[in-house]
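These notes concern the structure reproduced below.
The values are calculated or read from the model by the stated rules, or taken from the named source; none is laboratory data. Computed from a predicted structure; not experimentally measured. Ideal geometry is used to build each Cβ from the backbone, glycine not excepted, and the neighbour counts take in all protein chains shown. The area values use the complete protein model at the heavy-atom level, side chains included, leaving out ligands, DNA and RNA. Shrake-Rupley method; radii C 1.70, N 1.55, O 1.52, S 1.80 Å.
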Amino acid sequence: MRLRDALAAVGLAALPGVTAAQTIDRSNGEAGAPILQLTTAPRAAALGGALTAAGGVTSIFANPAGAITVRHLEVQLGGQTLFEGSKAGSMAVGIRTRSVGLALGIRYLDLGSVDEVVCNGCGGSGTPTGQQLSANEQAFALAAAVQLGHASVGAAVNYYSTTLAEASGGAASFSAGVRGRLSERLAVGASLQYVGGDVDVGGFGAPLPRTVRAGAELQPLGLSHERLHLLLAADYAAVRGAPGRVGGGVEVGLADPATQLLVVARLGVASRAGGDFATRPVTLGVGLRFRQVALDYAYAGSELLGSQHRLGLTFADR
């Protein structure tokens, strides 16, 4: 795919406010803010996007109640390829003190740049102006969660900003969620994300992707099995004005108690990834954890963006 085509298809479609010629469906939350709809965490991406009931600091990208699952300190860095000259990634830091968990999450999307071309009556290829057009997005989330017995409740303040060419805009929003452990083997979660105003760019507005999510994680062998690891995860997410989507997967692994080494393989299926980053149904991934450090990889295919490769590095003080 050419970078110019990708910027036009993703950047301009996702940020419709820069041109009055484009019709904006304000009821469709998938019309804007693609970084808020893109799963940047490799483990979740390999499990079909299932993240609402997950543990770990990256869970705050789907459910702020997940901030309580950080045991002491956890740091995650993630990145992925999209297409030529573009990249996306995330960073999350979480701490826990007794029954309170706090986490900060940052996501970014850099669509690169292309030469600006002025259309001459739209009958030809146009005339280059010598200027560059670029597009990027950033999203920040500050989450807090409180433990209440076997359940936790959490809330997050979010801020999203975007720049396309010389136009920019942003919007604040609020998210809330719950997470509970019904047994040693089963955890469930639910959240409402990005309740806020429209993103105004160049005098035109696009709605934030207000999202309702619900999910579950099941570990049939329990949490304390010495050598075998098995996890099943599933999520449902519905962005306002768009069809809901279902995703899930299985994680199978082997552990060595003597060295504290865990190796896992992941297989996921998603009905649709949503927005401009719709992927093919099947996702794959692997993970390696040694003591406090984990390395994760995920693969997903996309008709628009081609092959997507995600890498993540996590440090967890357990």
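For the subset of segment 190-199 comprising residues that are part of a strand (DSSP E or B) and within 15 Å of ALA139 (Cα to Cα), which member is most open to solvent (accessible area, probe 1.4 Å)?
Here is the first cut: in segment 190-199, the residues part of a strand (DSSP E or B) are 190-196, 199.
If we keep only those that are within 15 Å of ALA139 (Cα to Cα) as well, we get 193-196, 199.
Working: GLN193: 7, TYR194: 9, VAL195: 62, GLY196: 36, VAL199: 9 Å².
Among those residues, the one meeting the criterion is VAL195.
Determine which member of the set ALA270, ALA214 is open to solvent by less than 20 Å² (accessible area, probe 1.4 Å) and in contact (Cβ under 8 Å) with a residue 60 or more places away in the chain. Let's see the steps before the verdict.
Details: ALA214 fails: open to solvent by less than 20 Å² (accessible area, probe 1.4 Å).
The conditions single out ALA270.
Go through LEU254, LEU295 for me and flag whichever is under 28 Å from LEU73 (Cα atoms), modelled with pLDDT under 95 and assigned to a strand (DSSP E or B).
Details: LEU295 fails: modelled with pLDDT under 95.
When all the criteria are applied, what remains is LEU254.
Considering only residues of segment 38-72 that are touching a helix residue (DSSP H, G or I) at 6+ places or on another chain (Cβ under 9 Å) and open to solvent by 20 Å² or more (accessible area, probe 1.4 Å), which is nearest to ALA156 (Cα to Cα)?
The extreme case among them is THR58.
How about segment 217-239: which of its residues are assigned to a strand (DSSP E or B) and either among the small types (Gly, Ala, Ser) or open to solvent by less than 30 Å² (accessible area, probe 1.4 Å) (or both)? Talk me through it step by step, then tell me what you get.
Taking segment 217-239 first, the residues assigned to a strand (DSSP E or B) are 217-218, 228-239.
GLU217, LEU231, ALA233, ALA234, ASP235, ALA237, ALA238, VAL239, listed by residue number.
Testing THR259 on (1) over 30 Å from SER161 (Cα atoms); (2) part of a strand (DSSP E or B); (3) open to solvent by less than 60 Å² (accessible area, probe 1.4 Å), one condition comes back false. Which one is that?
(2)
Kindly establish whether GLY248 is open to solvent by less than 50 Å² (accessible area, probe 1.4 Å), farther than 29 Å from ARG98 by Cβ and free of Cβ contacts under 8 Å to residues at least 12 places away in the same chain. Write out each step before concluding.
On the way: open to solvent by less than 50 Å² (accessible area, probe 1.4 Å): yes; farther than 29 Å from ARG98 by Cβ: yes; free of Cβ contacts under 8 Å to residues at least 12 places away in the same chain: no.
Considered against the rule, which asks whether it is open to solvent by less than 50 Å² (accessible area, probe 1.4 Å), farther than 29 Å from ARG98 by Cβ and free of Cβ contacts under 8 Å to residues at least 12 places away in the same chain, GLY248 comes out as no.
Residue-by-condition table, conditions (1) in contact with a strand residue (DSSP E or B) (Cβ under 8 Å, 6 or more places away or on another chain); (2) of a type in the set (Asp, Glu); (3) open to solvent by 40 Å² or more (accessible area, probe 1.4 Å); (4) within 15 Å of GLY101 (Cβ to Cβ):
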{"position": "LEU148", "(1), (2), (3), (4)": "no, no, yes, yes"}
{"position": "VAL153", "(1), (2), (3), (4)": "yes, no, yes, yes"}
{"position": "TYR160", "(1), (2), (3), (4)": "yes, no, no, no"}
{"position": "THR163", "(1), (2), (3), (4)": "yes, no, yes, no"}
{"position": "GLU166", "(1), (2), (3), (4)": "no, yes, yes, no"}
{"position": "GLY169", "(1), (2), (3), (4)": "yes, no, no, no"}
{"position": "SER173", "(1), (2), (3), (4)": "yes, no, no, no"}
{"position": "ARG179", "(1), (2), (3), (4)": "yes, no, no, yes"}
{"position": "VAL188", "(1), (2), (3), (4)": "yes, no, yes, no"}
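Just for segment 80-105: of the residues that are of a type in the set (A, V, I, L, M), in a strand (DSSP E or B) and over 23 Å from VAL153 (Cβ atoms), which one is most open to solvent (accessible area, probe 1.4 Å)?
Kept after step one, since they are of a type in the set (A, V, I, L, M), are these residues of segment 80-105: 82, 88, 91-93, 95, 100, 102-104.
Applying the additional criterion that residues be in a strand (DSSP E or B) yields 88, 91-93, 95, 100, 102-104.
If we keep only those that are over 23 Å from VAL153 (Cβ atoms) too, we end up with 88, 91.
Values: ALA88: 1, MET91: 68 Å².
Per the criteria, the residue is MET91.
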